[in-house]
Structures are given as C-alpha cells and as structure tokens.
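Visitor: Could you have a look at this structure, given as structure tokens, before my questions?
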Amino acid sequence: MTEPLRLVALETSPPAFPTEAAARMAREIFGIDGTAHPLYGERDQNFRIKTASGPGIILKILGPTEDPQTVAFQTEALGHIAMMDPALPVPRVRRTVAGEAYTSIPDERGIPHIVRALDFQPGRVMDSVDPSPALLRHAGGTLARLNLALSNFFHPAAGQRIVWDLRRAVDLRPSTGLIEDAETRKLVETVLDRFIAFLPQMSRLRHQMAHNDLHPGNMLVDEGATEVTGLLDFGDMIHAPLVFDVAVTAAETVGEMAPIDYGTAIVAGYDAVMPLQDAEFPALFEAIIARHALITTIQAWRRHHDPAGAEKLGALSALGAPAIEAYLSAGREAVVAKFRAAAAAKPGAGNLLERRFHALGRGLELSYDEPVHLVRGEGVFLYAPDGTRFLDAYNNVPSVGHGNRKVAAAIARQMETLCANTRYLHESVVEYAERLTATLPAGLDTCLYVNSGSEANDAAYRIAKIVTGQTGAIVVENAYHGVTDIAAALSPYHGPFVQPLAPFVQTLPSPDSGADPAVAARQAIAALRESGHGVAMLLIDSAFVSNGIVDVPPGWFAAVAEEVRKAGGLVVGDEVQSGFGRMGDEFWGFALHSVVPDLVTLGKPMANGHPTGMVVAPRALLKAFTDKIDFFSTFGGNPVSAAASLATLEELQSRGLQENAHATGEMLRQGIRALNHPAIAEVRGRGLMIGVQMDGSAALTKGVANAMRRNRVLIGTEGPQGNVLKIRPPLPFGPAHVEIFLDALRASLP
Ligand code: PMP
C-alpha cells in the first residue's frame, strides 16, 4: 500500500517562526497593524492578528512542502463562493498589499514558506454547544447553500489525493489491523468492506466540489447558538459524490441525542435548501457509517504513528463504533425512511397551495392544472423541491438565464456597497443610461428610471399629455400594457373579465385582421377628437404578444404612426416584451417595423428579474415634462437596479444572445413545423418570441400546455381566443434545448 499522502504530511511539524515575525509579516505583507497570538495548527503555523479596529486576520505560515496549487485552489474556491452566495459566512481571503493571494517568505535556513491570510471570523465553534434542533437544521441548510455555491466550481487540485476521501477506503482497509479493540476492528472492517462493495453505485450519483470536512468543529455559531455564522477549513475539499458532504456533517454532529437523530435533523435542513435525490438516501447511510469507520481507522493509525495527534481525535468518543452500531442496528431501510420523512416534512411544504390560498387569496392565477413549485433556476432550467427539472420555454424576464451569476453578483455587491436614489450622483446609474441609449436610434437619448413596465407606460402617458396638450390614447385591440390604473385603461385585454373601454382610449384592429391601418387610425383619431380628448399617444407592443404573436404586414405600424403624428400625437414603443434582443433580427422590436418611436418604454427583462423599468425619450420631450412635473421615483434608478441592468446588458451583448435568439428561434420554428401535426395551424414569431396557432379551442391549447408541463417543459397560452401556444424562453436557449422541447411537444400534442 502507498502511504496515504495526508498522513505522511501530518508527520512533519508546522513551521516555527517567532511571534514577532508573524506580527511583522502581518504589517509588511498584509498592511495589518496588530498583535500576534499563536493558534494551534496541525500542519500550518497559525496566528491570530488582533487589531484595535475590526476583527483582524488569521495569518497562516505553511510548511515548506505545501503546494502553491492547493493554496490557489482554496483561494479560488473561496472567491467563487463569495460570488455565488455572498451572504454565506466563509472566510474571505485577505490579499497582500501587492494584491496577491499569498506570498513566500524564507525561514532562517533560506527555505521558502507560503504565507497567506484570511479575515478572522468571530464566533464560537459549534462543537462547544449542545446543538438545538433549530441549529441542526440551520447547519444542514448552510451546508446545502455551500454545496449550491460550489456546484459550478472546479479546479485541477480538486483531485487531491487525501485519506479523508471515502473512496480511498480500499487504501485504508489494510490499516484496520492497527485498531486494538477486536470488536471495534471487526465492525470497522465490516463497514469498510460493505462500503467498498457499494462504491460502484456511489459513482452513479451527483458529483461536485465537496467541502468534505464540515463537522461542528469547523462551524461557528452565534451567541444564542441558533444559527451557523461561520464555515471554516477548506483544506479537505475534493471533487466527490455530493452525499459525502452531507455524510460528514450528519455523522460528526454528536451529543446527547441518538446519532441518527442528529443525522435526521441535518438531512431535513439540507434537503429544504438542496433536495436530495432518491438514490442519494441509501448512499448517505453507507457514507455516514463509512465516515465513522474511516475516523476510527485513522485514529488507530495516528495512535500508532503520531500519539500526540491521536489524542485530539480521541476526544471525539461518540464518533466511531457507537455511532456505527446505532446506525447498523436500526438498519438502512429504517434510517433511509426516517431521513426521507424528515426531508418531506418541510415546514408547510405539503400544504403550500392551501397556505397560498389563505395568504394570497384564490384569485391570483396559478399556471397549469398541477401547479409548479420551484426552488431553484439555472440557465434555461427550473427545479422543483424533489429535484424535478423543467425546461423553461416560457419566462422572458430572466432573459440572460435563471440564476445568472454575473447579475446576482452585481446585485449583491452593489447592495452591500450602496443603495440610494437618483437625488445623488452615482456612476452606474449614469453609465447604464449611456450604454442603453447607445443601442437606440440617435434621438432617443434621455432616460427616466422607474420600476416596472406598467410604471413606464404610466409615465409615458403623462409625458405625452404634457407634451401634446391632449389626453386621448390609441392602442391595439386585446393589447396588454400593465397594472396601474392608467396602464390598465390602456389595456383592452382583461382576461376573462369584460371591461368597458376608458373614454380616452380607442383601439385599432389587430394587425392580422386585414383592416387598412391608416383608415383604422384615422377613425380612432376622429373618435378621440369628437370626445374632446385629441391624441396624446399611440402605444404599440411590437411583438403583439396578447394578439397571439401575430405576423404584421409590412408598413402597418408605420402607417398608423404617420396618422397619429399628423394628429399631433406621440408614438410610444412598448418594448417590455419585444426589447433587448428577444426578437433576434433586431435588438429593438420597433426596428422590425421600420418605425422610430418618440418614446420607448422598458421593463421585464431589463434587469433579468430585478424589478426595473424605464422611459427613454428625446431630451426636449423629457425636459418639457420635467419642466412641469417634479418627477421622483424612490426606487427607480437606484444603484442596485442600475448594477443589475448593466450586468444584464453586458451579458446580452458579450454572449451574443440576440444572435442566439435569431438562430435558435429559427431552429425551433422549423422544428415545430416539421412535426407536421394536424393540430398545429401556423407557427409564427421572430427570434425567441414564438406563437403556435392551434387548430382547435382554448381548452385543447391549455391541454397541450398542461401536457408539456407533465413532460417537464414550461410554455403558456395566448391570443384573443386562447388558442395560441406562447413560447418565449430565456435567451441562452440552444439547440440541445430545442431537442428537449420538440420531444416533449411531440409527446404532448393531441
Ligand atoms: N407592456 C407589455 C407589452 C407587457 O407585456 C407587460 C407585462 N406583461 C407590461 C407592459 C407591464 O409590465 P409589468 O407587469 O412589469 O408592470
């Protein structure tokens, strides 16, 4: 057997720099002026550097054999976690004054040692308290968040060969002979053997970066010991089955209660944040007992080779044989059932629907006969609590992908730094307006920030009234423009309810009606003049979504716009649906119709889900408005919204998502047409805004959407007759997703 690497490393003692040297290093390398206090370290020489202000740092001097790759691995992992889940209490790497993650210092013999530092995390270690059920749940949930944050991280050093990797059980197996107590030895051997036999099944489970050592000695808790406030020691990280991490925490959290009860509470807390998959439950049982066997064997090995080190492990007497016996005597089936029950019994999850009805009323629409409960999104996929994955072909708001890291990090970073309002100067609020207007035609150069598409349309109407001195508005029949009193009045679409049209609103027939647009516009204008309103504005959704994503005859919008302008009205492009690249051929929907509006309103995808809206106007028009109206939106144009909007625009542009919308949209339309299904009458749309006209009723169309949901693809229904399938996915939708979509559609059509 080759000696397990880490055990060999443990035989060398940590470096022995004098305390004064540590204080000097802190000052000179990290710019931290404070007093140095030695801390215990197994392999590194550690000092806490206390400062007069703030918590100070932990200075770590590494042994001469430590690999810089491993340091880089940890640094990158911690940076990644901070980006993915900035609120997770992991150590922050303190950079040197030169901006490096570490430096190298020679000892008196000239041998170089890596010196690095972490911000000190205050708190007490969890193994010094008797954990309450609430704390155990929180610990499980915190571990799950850590796993989620690390789910898309990798580093070449993650393949490090350490004895604490359960998959090395084979290497460790010969060392069981060092276990003195015969009964314990036999128990450990049984467990290791069954684990080795189980490993092939383990290899089929989810793998990712695991912390691999999150026992209560590596977790900090708050004063009242109700929450985990710190996660420590990322030195054992490996790429491994996800359940290894759950197994470590579940196994090593011990105390007054039975070992299985600790495991159960940890699993419940974990599963509430990151649902375990079916096959992971039995694997978890095996990994928990294997971890105990591993600890017992390593303990015996140490006692043999390194008695001082063994003493420390020996204190954890509840680990090892007693825990293995408790688990084995309960049996895998019973323990798995207990874990599953705890995971299923999330507070209130079972009756979420009832609770929703109670808390939000029954009037709020829920999609699908079988409502979808979501806990997570990533790219074009959405996940239910049990891990079921849905392909999202419906949601246009997360246009640069669900859970977009860049946008999330920008929001978190800005929220931590400053969230104020437009009454103060702020760089990114101005920068976004500059970068956005650069994508628009020349005259559209000045921005009014609000919080939603509805607010934008509301503000556009106010601007139009001031600028034109008139109050009438023209919209398309069945159009939808929002929820404020004015935006709703501008929305002839009222779902199942029939509402009278407001007296200041006139409608145009849908562009696919065949009606002459100029004639229709002149009629609407005449009616508004007759009622004394005149024409303040024409409001057009260039995607004509609620009309059923219809094909628009060339010149239709231009003809209407010309009549409205002749009558002194403004042309407003509602780009809430059609903007930001979705239509594929053009970045803005109005460009498809060769019209440049006087005002443009934005919302939905602007900040990838962060609520933000905007009116873009020519400088003179906005001035005419603000000369008369003291307009201030508390949240509109706050730095967090600006940061989110900037990150979203950056993602759209740098990833070529408009071009992708064009290519994938074309592929999807062709694929649907190629199904040649008798229930499909017509496939329409541009880019990733697609309407599928069904040859059938609203009920049939809804049936298809419900079947798609059962086949794990989310779409909607649309149109005045409700018989159009609405397909409008996040823009990173690619050819592989088109395939999944078409398979599901084939299976869902009547
Ligand atoms: N305009 C259009 C074309 C829309 O589709 C919507 C929302 N569906 C709105 C405006 C209103 O946006 P919000 O709901 O974000 O206020």
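The values are calculated or read from the model by the stated rules, or taken from the named source; none is laboratory data. Fair warning: this is a prediction, and the values are worked out from it, not measured in the lab. Glycine gets a Cβ as well: all are built from the backbone with ideal geometry, and neighbour counts include every protein chain shown. Remember, those area values only see protein heavy atoms, side chains included, never the ligands or the DNA or RNA. Shrake-Rupley method; radii C 1.70, N 1.55, O 1.52, S 1.80 Å.
Visitor: Largest first, what is the accessible-area ranking of D181, D245, D44 with a 1.4 Å probe?
Guide: Details: D181 85, D245 0, D44 30 Å².
I get D181, D44, D245, largest accessible area first.
Visitor: Can you pull the Rg over Rh of the range 453-602, Cα-only, Kirkwood?
Guide: On the way: Rg = 13.8 Å, Rh = 14.9 Å.
We get a ratio of 0.92 for the range 453-602.
Visitor: Considering only Q670, Q653, L360, whose Cα is most displaced toward the positive end of the charge dipole of the chain, charges sitting on Cβ of Lys, Arg (+1) and Asp, Glu (-1)?
Guide: Projecting each Cα onto the dipole axis, the largest value belongs to Q670.
Visitor: For the range 224-286 and the range 395-473, compute the distance between their C-alpha centroids and round to whole Å.
Guide: Measuring centre to centre over Cα atoms gives 43 Å.
Visitor: While we're on this one: Based on the Kirkwood radius over alpha-carbon pairs, what is the Stokes-Einstein translational diffusion coefficient of the range 8-119 at 20 °C with 1.002 mPa s viscosity, in µm²/s?
Guide: 148 µm²/s
Visitor: Still on this model: With θ taken as phi - 60° and the coefficients 6.51, -1.76 and 1.60, list the Karplus ³J(HN,Hα) couplings across the range 207-221 in order, rounded to whole Hz; mark glycine and proline as x.
Guide: Along the range 207-221, the couplings run 10, 6, 5, 10, 5, 6, 7, 8, 8, x, x, 10, 10, 9, 10 Hz.
Visitor: Another question, if that's okay. What FRET efficiency do you get for D585 and R161 if R0 is 51 Å and r is their Cβ-Cβ distance, rounded to the nearest 0.05?
Guide: Efficiency, from the Cβ-Cβ distance: 0.45.
Visitor: I've got another one for you. Evaluate the relative contact order of the range 8-119 (contact order divided by residue number), counting alpha-carbon pairs under 8 angstrom at least 6 apart; express in whole percent. List each step's numbers first, then the result.
Guide: Values: 193 pairs, mean separation 26.3, N = 112.
This gives 23 percent for the range 8-119.
Visitor: Considering only protein heavy atoms, what is the solvent-accessible area of H593 at a probe of 1.4 Å, reported in Å² to the nearest 10?
Guide: 30 Å²
Visitor: Oh, and also: Among 623-631, 484-492, how do they line up by average Cβ neighbours within 10 Å per residue, starting with the highest?
Guide: Output ranking for 623-631, 484-492: 484-492, 623-631.
Visitor: Also, I was wondering about something else. Take the solvent-accessible surface of the protein heavy atoms, probe 1.4 Å, and return the percent of it on the chain that carbon and sulfur atoms account for.
Guide: For the chain, the apolar C and S fraction of the accessible surface comes to 53 percent.
Visitor: Ok, one more. Per residue of the chain, what 222 nm ellipticity follows from adding -39500 (n - 2.57) for every DSSP H run with n ≥ 4, rounded to the nearest 500?
Guide: It lands at -13000 deg cm²/dmol.
Visitor: For the range 156-176 and the range 621-697, what is the centre-to-centre distance using only Cα atoms, to the nearest Å?
Guide: Value for the Cα centre distance between the two parts: 50 Å.
Visitor: Lysine pairs, Cα distance under 18 Å, 8 or more residues apart or cross-chain: how many in the chain? Provide the component values of the computation, followed by the final result.
Guide: Details: K50/K60; K338/K346; K406/K604; K465/K566; K465/K623; K465/K628; K604/K726; K702/K726.
Final tally of qualifying lysine pairs is 8.
Visitor: Of all chymotrypsin sites (Phe, Trp or Tyr not before Pro) in the range 440-522, which ones are in loop regions per DSSP and have a Cβ with at most 15 other Cβ atoms within 10 Å?
Guide: Answer by residue number: F497.
Visitor: Moving on. Taking a cut-off of 46 Å, what percent of all Cα-Cα pairs in the chain are separated by more than that? Working shown, then result.
Guide: Working: 101881 of 280875 pairs.
Counting pairs separated by more than 46 Å, the tail of P(r) holds 36 percent.
Visitor: By how many degrees, 0 to 90 and rounded to 10, does the Cα axis of helix 332-344 deviate from the longest principal axis of the chain?
Guide: Its long axis makes an angle of about 40 degrees.
Visitor: Report the charge-dipole magnitude of the range 158-210 in Debye, nearest 20, computed about the Cα centre from +1 at each Lys and Arg Cβ and -1 at each Asp and Glu Cβ. Could the numbers behind the result be given before it?
Guide: Details: 9 positive and 7 negative charges, 78 e Å.
So the magnitude is around 380 debye.
Visitor: Turning to a different aspect of this structure: Taking N as the number of residues in the range 124-344, what is its Cα Rg relative to 2.2 N^0.38 Å?
Guide: 0.94
Visitor: What ³J(HN,Hα) values, in whole Hz, does the Karplus curve 6.51 cos²θ - 1.76 cosθ + 1.60 give for the range 383-396 when θ = phi - 60°, with x put for Gly and Pro?
Guide: Here the 3J(HN,Hα) series is 10, 8, x, 8, x, 4, 9, 10, 7, 8, 10, 10, 8, 8 Hz.
Visitor: Report the extension gain between A134 and A747 in nm, rounded to one decimal, defined as 0.36 nm multiplied by the number of residues separating them, less their alpha carbon distance.
Guide: Extra length from A134 to A747 when fully extended: 216.2 nm.
Visitor: Could you compute the FRET efficiency for A258 and R206, with r as their C-beta to C-beta distance and R0 at 30 Å, rounded to 0.05?
Guide: Calculated transfer efficiency: 0.60.
Visitor: Here is a further query. If you fit an axis through the alpha-carbon atoms of helix 242-252 and take the longest principal axis of the Cα set of the chain, what angle between them do you get, 0 to 90°, nearest 10?
Guide: With rounding to tens, the tilt is 50 degrees.
Visitor: Treating the angle as unsigned and between 0 and 90°, give the value, to the nearest 10°, between the Cα long axis of helix 453-468 and the longest Cα principal axis of the chain.
Guide: Once rounded, one gets 40 degrees.
Visitor: A further question follows. Residues of the chain: accessible area per residue at 1.4 Å, in Å²?
Guide: 42 Å²
Visitor: Compute the relative contact order of the chain as a whole-number percentage, counting only Cα pairs closer than 8 Å that sit 6 or more residues apart in sequence.
Guide: 10 percent.
Visitor: Working with all protein chains in place, sort I29, I57, I411 by solvent-accessible area computed with a 1.4 Å probe, largest first.
Guide: I411, I29, I57
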